[in-house]
Amino acid sequence: MLSGLELLQWLIGACGALLVAGAAYWKQSLSFSGMVAAVVMGTIYFGAGNLFWFGILLVFFISSTLLSKLHHENKAELESTYDKTGRRDAGQVFANGGLGMLAVLLNAVYPLELWGFLFIGVMATVTSDTWATEIGTLARKPPRSVLTGKVLQAGTSGGVSLPGTLAAAAGGALIGAASWLLRAASGMTPHAFWLLVLAGLLGGLAGAFADSVLGATVQRMNRCTVCSREVEASKHCGKPTLYARGWRWMDNDTVNAVSSIIGGAVALLVSYISYIG
């Protein structure tokens, strides 16, 4: 049975999540299903957690939404190659924040410091990956394969660039820095600023590069029957695409989830090395 204070916390979380998700839906950053998923997720982040968990979710969501509004001449053409673009649906919302929500619930049931570091790594990964994609597409030079270094067409899965990598590092470091501030604001056990920034930075970079490696190897990719380009999308050039390579079940949302686990594990490893050192 929830106490009055606990019930109030869940109510505040629901109102805050509805306000943010509703604004994103109005701005067409979320679909209706995405808005519903974001409200559920935000409510749990604050109700079962506190400002630390909910605040980092907001840092990711707001920064990623703002970056997604950057326009350049090739953006529409690049987005046509992606499996999902534009307004995030429920699948994308849970792929980006579902593992973080699991960490929140695990911490509520069995409080441990490791859940916090795991959470930082997970959220740093989705932030780094999103920042790398949005900034990387602005690069003047084409990306290169994360595996071979071969020059690739912009938007190709498995491609990396210097601007994208720097953006990924910045996004991960931001999550680490924000976690230090939000932990202090929430009255949680303090950790050194450098430790949290390092956990976010390395966790974010590891997760973002894992996303690229998976994209270059096992992610399901299709081929356009009109232009012969390899794309994530099920339709391109107005026609259905054909399966080209990769594991058929490994779609973009699954890649995001696996990458987040890797990023979370790296952040956890950073905290462990610091502890034993």
Residues located in segment 114-159, provided they are open to solvent by 40 Å² or more (accessible area, probe 1.4 Å), in contact with a strand residue (DSSP E or B) (Cβ under 9 Å, 6 or more places away or on another chain) and either in a strand (DSSP E or B) or closer than 17 Å to residue 257 by Cα (or both): 144, 151
Near pairs, Cβ below 7 angstrom, 6+ apart or cross-chain, from segment 176-201 (aliphatic (A, V, I, L, M)) to any residue that is not in a helix (DSSP H, G or I): 184/190
Residues located in segment 166-192, provided they are crowded, with 21+ Cβ neighbours inside 10 Å and either within 17 Å of the chain's Cα centre (by Cα) or at pLDDT below 85 (or both): 167, 168, 171, 172, 173, 174, 175, 176, 178, 179
Residues being among the hydroxyl-bearing types (Ser, Thr, Tyr), touching a Ser or Thr at 6+ places or on another chain (Cβ under 9 Å) and open to solvent by 30 Å² or more (accessible area, probe 1.4 Å) - total across segment 228-242: 1
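The values are calculated or read from the model by the stated rules, or taken from the named source; none is laboratory data. No experiment lies behind these values; they were computed from the predicted model shown. Here Cβ is always computed from backbone atoms with ideal geometry, including for glycine, and neighbour counts include all displayed protein chains. Side chains included, ligands, DNA and RNA excluded: accessible areas come from the protein's heavy atoms. Shrake-Rupley method; radii C 1.70, N 1.55, O 1.52, S 1.80 Å.
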